[in-house]
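The values are calculated or read from the model by the stated rules, or taken from the named source; none is laboratory data. This structure is a prediction, so every number in the text was calculated from the model and none was measured. Quick reminder, even Gly has a Cβ in these numbers, built from the backbone with ideal geometry, and neighbours come from all protein chains shown.
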Amino acid sequence: MKKNDKMMKMTNPITNVTIITTGGTIEKTYDEFDGSLENRGTSIKNRILSKLRLPYTNIKVLPILSKDSLYMDQADRELMANYIQQESVKGSPIVVLHGTDTMSLTANFCFDKIKNLSVAVVFTGAMIPMGFEDSDATQNVTEALLSAKLLAPGFYISFHNQIFEVPFVQKNKEKRTFESIKKA
């Protein structure tokens with residue numbers, strides 16, 4: 001077989017990725033009528049995914065909540081863990097869009113609750129809502145999508161060009177990003 005023949009037969013596999021949306025700053029939208037900035041449902045498809053070139057990735061968006069993470073409670077975390085468990089058995093990596101204020105709390109909750117995970121579950125969010133000129137949303141979602149496809153099964157937070165292993169991660173409010181914490 002010639003080198004050119006071998007190259008012609010190579011194919012790029014299509015990977016399915018599920019995005020679970022829960023709200024948070026990343027999905028807040030501005031209402032010009034009343035001047036509010038709130039979670040009103042998912043807009044990930046229109047605002048980010050439609051702008052990305054993902055010819056080898058099938059995206060399934062699963063909106064389960066539309067809340068600021070400061071208002072999430074135990075029942076919301078149970079709901080997220082149940083959805084992650086249900087989706088993980090399908091064998092596709094998962095990206096969870098979540099508010100940054102309690103992202104590590106929810107990721108730790110899921111880490112403690114779900115055992116024998118067979119896919120990577122990557123949490124991400126944004127410090128500035130998508131749609132704002134200086135938003136970090138597109139960067140964080142793009143990086144989370146790629147890392148979910150490449151990482152071993154487990155829980156992670158992907159943020160500002162870094163991947164953090166759960167449960168060894170926390171938000172650093174002063175630096176406005178996430179950081180690793182020491183393993184016990």
Matching residues, the stretch 111-152, being among the β-branched types (Val, Ile, Thr) and more than 18 Å from Lys90 (Cα to Cα)
Thr124, Ile128, Thr138, Val141, Thr142
Does the stretch 53-90 hold any residues that are in a helix (DSSP H, G or I), under 16 Å from the mean Cα position of the chain (by Cα) and among the hydroxyl-bearing types (Ser, Thr, Tyr), and which are they?
Ser69, Tyr83, Ser88
When you go through Met1, Met8 one by one, which is the residue that is at pLDDT below 65 and in a loop (DSSP other than H, G, I, E, B)?
Met1
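For residues in the stretch 52-81 being among the basic types (Lys, Arg) and surrounded by 13 or more Cβ atoms within 10 Å (Cβ to Cβ), which is modelled with the highest pLDDT?
The qualifying residue modelled with the highest pLDDT is Arg77.
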Going by what's in this entry, would His160 be described as surrounded by fewer than 20 Cβ atoms within 10 Å (Cβ to Cβ) and either in contact with a Ser or Thr (Cβ under 7 Å, 6 or more places away or on another chain) or charged (D, E, K, R) (or both)?
yes
Of the residues in the stretch 11-27, those that are crowded, with 22+ Cβ neighbours inside 10 Å, modelled with pLDDT of 75 or more and of a type outside the set (Val, Ile, Thr) number 2
Can you tell me which residue among Thr106, Thr102 is in contact with a His (Cβ under 8 Å, 6 or more places away or on another chain) and more than 22 Å from Leu49 (Cα to Cα)?
Thr106
